[in-house]
Every structure is written in structure tokens, then in C-alpha cells.
1. Please give me the summed charge of the neighbours of Lys25: other residues whose Cβ is under 14 Å from its Cβ, Lys and Arg +1, Asp and Glu -1.
2. Would you pull out the residues with amide H under 5 Å of Cys51's amide H, same chain only if 5 or more places away, H placed 1.01 Å from N?
3. Hey, what do the phi angles of the stretch 51-59 turn into as Karplus ³J(HN,Hα) couplings, whole Hz, using 6.51/-1.76/1.60 and θ = phi - 60°, x for Gly and Pro?
Amino acid sequence: MPGCHDMKKAEIYVCPSCGLELEVKAECRNAAKPAADCGCHDHEEECRLTCCGVDLIKK
């Protein structure tokens, strides 16, 4: 699954387990910075969105 830096407005992501769908309404305001420097989180791992313990996938 793309991290928050890769997700673009109007894209839809779905949980392969339960079918939950999420639409991106606004892009990450720090997308121009490397993930480790964006300030969205306090560690070097990129933001990941999961549901039912698995990564969401782009529809």
C-alpha cells in the first residue's frame, strides 16, 4: 500500500478483508518532504493505513 506521501486526492483505497473503502479527500500536507522528515510521525517508518490487520489497496 502506498504511504500517505503517495496517496492523491480522489483516490479510493479498499480493505481486501472486509471491503471498507476510503477516499482521499486531502493530500498529505508534507508530501514534498521525505517520509522520514515530514513530521507526520515520530519515527523513520512511512505512514501506513491498515484495516483488519492488512494494508489497504488502491481500487
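1. So the surrounding residues net to -1.
2. So Cys51 has HN proximity to Leu56.
3. Calculated HN-Hα couplings, in order: 8, 6, x, 10, 5, 5, 10, 6, 7 Hz.
None of the figures in this text is laboratory data; all of them are computed from the coordinates on show. Since the structure is predicted, the reported quantities are computational estimates derived from the model, not experimental observations. All Cβ positions, even for glycine, are placed from backbone atoms using ideal geometry, and neighbour counts span all protein chains on display.
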